[in-house]
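Worksheet for the structure shown next.
The values are calculated or read from the model by the stated rules, or taken from the named source; none is laboratory data. This one's a predicted model, so the numbers in the text were calculated from it and none came from an experiment. Here the Cβ is made from the backbone with ideal geometry for all residues, glycine too, and neighbour counts use every protein chain on show.
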Amino acid sequence: MFTPDQRTRVRSDLLEYATHDQRLSGAAITGSAAAGNEDRWSDIDLAFGVTNPADLQGVLSDWTSYMYENHAALHHLDVAAGLWTYRVFLLPGALQVDLAFVQATEFRPLAPTFRLIFGTAHELRDFPPPTPGGIIGLGWLYALHAQSCIARMRLWQAEYMISGVRDHALALACIRHGLSAVHGRGIDHLPIEVTARFEGALVRHMNAVELFRAFRVAVEGFQTEVQAADQELGERLQETLSSLTEQSN
């Protein structure tokens with residue numbers, strides 16, 4: 001496991017490397033380090049503006065080579081978010097390094113966790129949080145597939161779908177309580193009485209009886225959160241969602 005000192009050295013080296021890349025319009029530390037919340041397990045999050053959009057692919061290629069040659073990267077993947085490209089690296093010691101690149105005209109904070117190191121950045125742009133409607137849609141979609149997977153005795157796939165129902169219900173609960181609904185970030189801050197309702201939605205044994213039981217709990221919790229988010233929609237979905245668990249009896 002990497003140490004905090006190793007993480008600091010890698011981050012410092014990357015910021016130093018950035019100062020010599022004339023194609024960059026700016027660099028920033030983002031994530032927990034920018035907010036002063038870095039702990040033993042935090043990764044490295046850096047963001048860069050690229051002056052000429054035509055240079056973006058070349059910048060990505062050169063930085064990727066640098067990560068492999070100078071920091072012994074083991075693998076990487078890209079995550080796209082709007083015009084941003086997040087190239088995410090895995091380093092020895094399980095250190096994750098997220099390098100975000102965007103053209104200079106869009107280089108700006110996407111959240112309060114943004115500390116400019118050099119160059120210029122545009123003003124923070126507010127992005128709307130996830131809407132309950134989309135989360136509700138995914139929740140009932142997972143529920144449909146969970147029911148059919150149990151019926152077909154596809155036990156591992158059923159467990160995956162049941163988890164999807166539970167996780168989307170908890171996302172709705174996070175929105176209701178003013179918490180982040182993205183990637184489970186707000187779940188641990190929910191009131192205990194909320195999370196306690198979903199403990200039974202955890203699958204403890206891989207057999208049909210246990211899957212039916214967990215599925216029922218997940219759907220009931222999902223229905224409760226749908227009603228809280230949109231009562232009229234919750235009433236429309238009530239009969240159909242309940243019928244899924246009745247068929248599983």
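For segment 145-190, which positions are out of contact with any Phe, Trp or Tyr (no Cβ under 9 Å at 6 or more places or on another chain), at pLDDT 95 or above and among the polar types (S, T, N, Q)? Correct list: S148, Q157. Of note, A100 satisfies the criterion of being surrounded by 12 or more Cβ atoms within 10 Å (Cβ to Cβ), touching a residue at least 40 places away in the same chain (Cβ under 8 Å), under 15 Å from S25 (Cβ atoms) and out of contact with any helix residue (DSSP H, G or I) (no Cβ under 7 Å at 6 or more places or on another chain).
For segment 40-53, the count of residues that are in contact with a Leu (Cβ under 8 Å, 6 or more places away or on another chain) and part of a loop (DSSP other than H, G, I, E, B) is at least one.
When segment 182-232 is filtered for residues that are without any contact (Cβ under 8 Å) to a residue 60 or more places away in the chain and among the aromatic types (F, W, Y), only F198 remains. Among the residues of segment 168-181, are any part of a helix (DSSP H, G or I), surrounded by fewer than 20 Cβ atoms within 10 Å (Cβ to Cβ) and without any contact (Cβ under 8 Å) to a residue 24 or more places away in the chain? Within segment 168-181, not a single residue is part of a helix (DSSP H, G or I), surrounded by fewer than 20 Cβ atoms within 10 Å (Cβ to Cβ) and without any contact (Cβ under 8 Å) to a residue 24 or more places away in the chain. Name the single residue that is surrounded by the most Cβ atoms within 10 Å (Cβ to Cβ) among those in segment 107-140 being assigned to a helix (DSSP H, G or I) and either of a type in the set (S, T, N, Q) or free of Cβ contacts under 8 Å to residues at least 24 places away in the same chain (or both). That would be G137. For segment 1-39, a residue qualifies if it is under 15 Å from V50 (Cβ atoms) and among the aliphatic types (A, V, I, L, M), and the qualifying residues are A18, L24, A27, A28.
Flag: T3 matches the condition of being out of contact with any Ser or Thr (no Cβ under 7 Å at 6 or more places or on another chain), farther than 25 Å from Q103 by Cβ, surrounded by fewer than 18 Cβ atoms within 10 Å (Cβ to Cβ) and of a type in the set (V, I, T). Report yes if some residue within segment 156-164 is farther than 30 Å from A111 by Cα and exposed (fewer than 14 other Cβ atoms within 10 Å of the Cβ); otherwise report no. Yes, that holds for at least one residue. Among the conditions (1) modelled with pLDDT of 95 or more; (2) assigned to a helix (DSSP H, G or I), R204 misses just one, which is (2).
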